[in-house]
Amino acid sequence: MLTIVETVFTPLALVTGWYGMNFVNMPELKHPDAYFIVAAVLIFFIALEFSIFKRRRWF
């Protein structure tokens, strides 16, 4: 069960770490919808993980 929880939260922690750094050369910072796109991609991957977990009956 801990592995399932960690699998869900690791990508979120990774992206949080990236955006927590003070960069000026990140191409997403100039695009007005970049944060919404990144959030949508993360939500998609989490939904994909949950569907795989449900299909394998891990929870």
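Of all residue pairs spaced 6 or more apart or on separate chains, those with beta-carbon atoms under 7 Å, a first member in region 1-21 that is without any contact (Cβ under 8 Å) to a residue 40 or more places away in the chain and a second member that is surrounded by 10 or more Cβ atoms within 10 Å (Cβ to Cβ) and part of a helix (DSSP H, G or I) are Pro11/Leu42; Pro11/Phe45; Leu12/Leu42; Val15/Val38; Val15/Leu42.
Only a single criterion out of (1) in contact with a helix residue (DSSP H, G or I) (Cβ under 9 Å, 6 or more places away or on another chain); (2) not in a helix (DSSP H, G or I) is not satisfied by Glu49, namely (2). Screening region 14-35 for residues that are loosely packed, with under 10 Cβ neighbours inside 10 Å, part of a helix (DSSP H, G or I) and of a type outside the set (D, E, K, R) and picking the one that is modelled with the lowest pLDDT gives Pro27. Scanning region 1-13 for residues that are loosely packed, with under 12 Cβ neighbours inside 10 Å and of a type in the set (S, T, N, Q) gives Thr3, Thr10.
Could you go through region 36-53 and let me know if any residue there is surrounded by fewer than 10 Cβ atoms within 10 Å (Cβ to Cβ) and out of contact with any Pro (no Cβ under 6 Å at 6 or more places or on another chain). So far as region 36-53 goes, no, none of its residues is surrounded by fewer than 10 Cβ atoms within 10 Å (Cβ to Cβ) and out of contact with any Pro (no Cβ under 6 Å at 6 or more places or on another chain).
The values are calculated or read from the model by the stated rules, or taken from the named source; none is laboratory data. Not measured: the values here are computed from a predicted model. Here Cβ is always computed from backbone atoms with ideal geometry, including for glycine, and neighbour counts include all displayed protein chains.
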